[in-house]
Amino acid sequence: MEADASPMAASARRAAAVPVPATVHPIPERTNDELIEVWTEAFRYLKIRLLDIRSEACASIEMRPLLRAVHGKLLSLLTDTVQTAGANNSFLLIGPRGTGKTLVIQRALSDLHKRFNTDPASPQVGFVRLTGLAHTEDRSAFREIARQLCETFGMPFVKGASLEENLAFLRDMLKELARAHKVVVFVLDEFDMFTKRAKQTLLYNLLDAMQQADMQAAVVGVSCRGDVMELLEKRVRSRFSYRKELVLAESCLGLGLRPTAAATAGRASATAGMGPAPATSAATAAAATAATAASGSGTGADAPDPGNCPPAILRAMLSLPAGFAHPDVAASHNAAVARVLQDNTFLDALEVICKKGFSTPRDLVDVCVIALCGVWEPEKEGLSVHSMLAAVQEVCSIQDSQSMMVGSLSVLELYMLVAIQRIRRRGPQACNFEQVFDEYRRSLQLEDHPDKFSRAQAFRAFERLLSMALTFYVDPKAEQKGGLREFHAVAINVSHEEIEAGMKTVENCPSRLLTWLNREAVQASYAAD
C-alpha cells in the first residue's frame, strides 16, 4: 500500500495513462511550404472531425467503451427492424448534454446506411430527422417528414399540402415502403419538446404506426430529461416499447483519470493511430482488473474502464487514423499526442478542470479545438504540451467568469442560488420559486441568524438570477406565457464548484451560507459511501 502511494508509483501510473507508440515513421524531406501545407491539412481534418458529427472524418473516432455498448444495442435493434417484417421498434436515449448521445445515433445510422443502402438509386432504409427545437408545431413537423421522405425515395413533394394531407401521405407512404421491403427510421432530437404539444399528435401517429402490421419503421428519441417518459400521454406511453438507455457523464470520467499500464495494454496499437485496438486476451483482461484493484480505482465490475478516462477520450479525438493521406505525418502527430497525454503537468491541469465540473466529452472537445486553433506554426512542433495547457487554461477561464458573476451577488441572491443548488443536489433538476423560498425558510429554522428577508425581496433576488443567466426557465416560452411567474420551473446554470469559488471571493460572506452549501453535500457523500 505504501509503495502505491509513493511519488515513483504515481509517476509510473501517469506514464502509463497513454502508451507511447512503438515506432514513429520519419517525415520525408519537404520544403517549408509543403510542410506547412501538410500539417495544416492534418489539423483541418481533426477540426472537421470534432465539429461535424456527420462527416466521414468523425466516423474515424474510436468511441469509448460506454458508447460502444449503447451503439451495439441500438444498431442491433435497428438491424432487426430492417431484416424482420413487423419488427417495429422504439428506442429512447437519455443523458446529460455533451455525453455522446448524438454521436451514438449518427454512428448507428451510418452503419445501417453502409450495409443496406448499397444502391443509391433505390435505398432500402430511409432516415427522417426532426428536432423539438424547430418542429414542435404539428404542421411543420409533418411537412418536414413528407419532404424528407420524398427526397429520400424520389417522390414529388407538395409544399402547400395541409396537415391532414401530409398525415395521410405518411401512412400511405409507410405502407407502400413496407410492401417494397423498405424501412424508415425516425430520429427525434429533443424528444421532450414534442411532449409539450396538445394531444402529442406527432408522437401518437408515429408510435401508432409502429403497431400496424403493414408498416415497417423505427422511432429513436433523444432527450436530456430523465423524466421524459412521465411527460407522455397515456395513449402515447402505451404504444412506446419502453426500451431506453442512459448515457451519464459520471460514467466516462471520475476516478479513472490515470489508468494503469495493464489496463491500457490492449490499446497500445490504437495510440499510434493505426486503427482500433485489438481484442485483449483473457489473461490481459485479468491482469488489468488486478492492477486496477491494486491501485485503488475499484474492484470487479465497479472498476472504471480505462477507455472512459479523459486521456483515452482525448487520444481518440486527437489521433489521426490509419487511412490519413500522409501516414508519416499521422505517426509523428500521434506520437506527439501520446507525449502530451503522458505529461504530468498536463494531467494535473486536466484533473483540475474535471473537478471544476468540465467533465463531459463535449468539454474535452472544446479543449481539443482550442488547442488545434492555437497552434500557429505546426511545421515546427505540431501539437505540444504548451498548446494543450493553453487550451485547458482557456476552458478554466470560462469557469472563472462564472465564479466572478457569483461573487458579484448580494447575500440574499446567494441564498436563492444555494437553495436551488441544494434542491438540484437532492435529485430534481428544475424547481420553481415556491420550492426555493421554502428551502430558504427551512434554513432559517435551523438556527437563529439575522439573514431574514421577506417573500417579495426573495422573489426579486430570484428574478435577478434569471436576468444574469445564472438560472434559466426550463420552458423557453415561460416568459411569453406570463401568468404566475413564481410557479415556472427554472434550472441552475452553474456548478457546485463555481458557486463555492465565487462565494469565497465575496467580502463579509456569512460563514453559515458556505456551511449551508456544503453541509448536505458531505452527508450525501457519506451516504453514497
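Each value in this text was obtained by applying a stated rule to the coordinates, not by laboratory testing. Only a predicted model underlies this, so the values are computations on that prediction, with no experimental measurement involved. Cβ placement follows ideal geometry from the backbone for every residue including glycine, while neighbour counts extend to all protein chains displayed.
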Selected from H71, Q124, L112, residue furthest toward positive end of dipole (segment 65-250; charges at beta carbon): H71
Net length gained if the chain between K244 and E394 were fully extended (0.36 nm per residue, minus Cα distance): 50.4 nm
Computed label-point distance, nm, for sites A198 and L444 using a 7 Å Cα→Cβ extension: 4.1
L163 versus K73: modelled label distance in nm, points set 7 Å from Cα along the beta carbon direction: 3.5
Residue order, fewest to most beta carbons within 10 Å, for C354, C431: C354, C431
Efficiency of FRET from Cβ geometry, K47 and S408, R₀ 30 Å, rounded to 0.05: 0.25
Gyration tensor verdict on segment 408-528 (Cα atoms; rounded if a/c is under 1.5, prolate if a/b is larger than b/c, oblate otherwise): prolate
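Is the shape of segment 65-250 best called rounded, prolate or oblate, per the rule: a/c under 1.5 gives rounded, else a/b larger than b/c gives prolate, else oblate, with a ≥ b ≥ c the square roots of the Cα gyration tensor eigenvalues?
Verdict is oblate for segment 65-250.
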Ranked list, fewest to most other Cβ atoms within 10 Å of each Cβ, for D172, D214: D172, D214
Cα-based reach from K199 at 17 Å (exclusive), listing lysines while leaving out same-chain residues under 8 positions away: K234
Local net charge near S90, Cβ-Cβ under 9 Å (Lys/Arg +1, Asp/Glu -1): +2
Within segment 190-205, backbone nitrogen closer than 18 Å to the virtual label 7 Å beyond the Cα of E233 toward Cβ: 191-205
Selected from P156, G95, V183, residue furthest toward positive end of dipole (segment 65-250; charges at beta carbon): G95
Sorted by Cβ neighbour density within 10 Å, fewest at the top, the residues H386, H496: H386, H496
Total formal charge among the other residues, if their Cβ is under 10 angstrom from that of V329, Lys/Arg +1 and Asp/Glu -1: -1
Pairwise label distance in nanometres, D475 with E37, each label 7 Å out on the Cα-Cβ vector: 5.9
Radius 10 Å from Cβ of L207, net charge of other residues (Lys, Arg +1; Asp, Glu -1): +2
